[in-house]
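Below is one structure, written out as structure tokens, with a few remarks after it.
Since every read-out is calculated from the coordinates, none of them should be taken as a lab result. Since this is a predicted model, take the numbers as computed values, not measurements. Virtual Cβ from ideal backbone geometry, glycine too; neighbours counted across all protein chains shown.
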Amino acid sequence: MRILGQIGKYFMLLLKVFAQPEKKRVYYKQLLKEIQSLVIDSIGIVIIISVFMGAMVTLQTAYNTENPLLPKYLIGLGCRDSLILEFSSTMIALILAGKVGSNIASELGTMRVTEQIDALEIMGVNSASYLIFPKIVAAVVFNPLLTLISIIVGLVGGWLAVISTGVVSSSEFIYGIQYAFIPYYVTYALIKTVFFAFIITSISAFHGYYVTGGSIEVGKASTRAVVFSSVVILLFNVILTQLLLS
């Protein structure tokens, strides 16, 4: 029953979040701030992880396809499809759940325990919409850009692994990347990213917005935000894969 109560409370919060804003210009300023905090500040870690992820997938594929009957270009093809279908959407989302999710939960949790949210409510401001809506919009609209960056950088990382180790020639790897390319796979990855971005921001905001107590509870809320976001991301990864690829 407690779980059902929390789910109901979550959806009631979403109703407040998506209420009609009173001053759209204020929301625009908040949106720019959240784009910087949630998206632009995450580009660095996305690039670093994607480079090593692409290199790792390439080397693992190479070492597991040493059969002389298998063409070498399968290494590039395997790297490409692994990054597009799974790693650059789901793995990056899990990383962002830790970085962005904990940041959102701790920010809102701190505002709650220091009564800043209560002050907004007293002034007649819809605090849920004012604080959470720009975060959701920024992540949902711009996180697909992070996914595209991850795919491109991951392929570059795979290519760097190829030319540094010589497991396959550069031309064969590039040919594998181009071979039998299905554009819908990129669309599939971007659709998943949109869902994951909404999950990360809304669940993390929920846990931060309803913090009660002090600084210790803020830390616990940040941990719960990361755990629950990660679990729901993995659940929806299975559901979306079945719906979009079946």
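The fewest-to-most ranking of 155, 190, 83 by surrounding Cβ atoms within 10 Å reads 190, 155, 83. Sequentially through the stretch 132-146, phi angles give Karplus couplings (6.51, -1.76, 1.60; θ = phi - 60°) of 9, 4, x, 5, 5, 4, 4, 6, 5, 7, 10, 5, x, 5, 5 Hz, Gly and Pro residues having no value and appearing as x.
Between residue 215 and residue 52, what is 0.36 nm times their sequence separation minus the Cα-Cα distance? Round to one decimal in nm. Let's see the in-between values first.
On the way: separation 163, 0.36 × 163 = 58.68 nm, distance 3.57 nm.
That pair, residue 215 and residue 52, stretches by 55.1 nm at full extension.
With R₀ set to 35 Å, the beta-carbon distance separating residue 2 from residue 152 gives a calculated FRET efficiency near 0.20. Calculated translational diffusion coefficient of the stretch 22-245 (20 °C, 1.002 mPa s; Stokes-Einstein with Kirkwood radius over alpha-carbon pairs) equals 114 µm²/s. Distance between the 7 Å Cα→Cβ label points at residue 29 and residue 235: 3.8 nm.
Taking neighbour Cβ counts within 10 Å as the exposure measure, how do 217, 34 sort from fewest upward? Kindly include the intermediate steps, with their values, before the conclusion.
Working: 217 14, 34 22.
Result, fewest neighbours first: 217, 34.
Across every pair of non-identical alpha carbons in the stretch 14-87, the mean reciprocal distance, once inverted, gives a Kirkwood radius of 16.0 Å. The count of lysine pairs in the chain with alpha-carbon distances below 18 Å, taking only pairs 8 or more places apart or on different chains, stands at 12. Exposure proxy for 12, 53, 111: other Cβ atoms within 10 Å of each Cβ, ordered fewest to most, give 12, 111, 53.
A simple rule links phi to the HN-Hα coupling: the Karplus curve 6.51 cos²θ - 1.76 cosθ + 1.60 with θ = phi - 60°, which for the stretch 195-208 gives 5, 5, 4, 5, 4, 4, 5, 6, 5, 5, 5, 4, 5, x Hz, with x for Gly and Pro. With R₀ fixed at 45 Å, the C-beta to C-beta distance from residue 9 to residue 160 puts the FRET efficiency at about 0.40. With the helix formula -39500 (n - 2.57) applied to DSSP H stretches of n ≥ 4, the chain reaches a computed 222 nm mean residue ellipticity of -25500 deg cm²/dmol. The simple spin-label model puts a point 7 Å past each Cα toward its Cβ; for residue 179 and residue 244 those points are separated by 2.5 nm.
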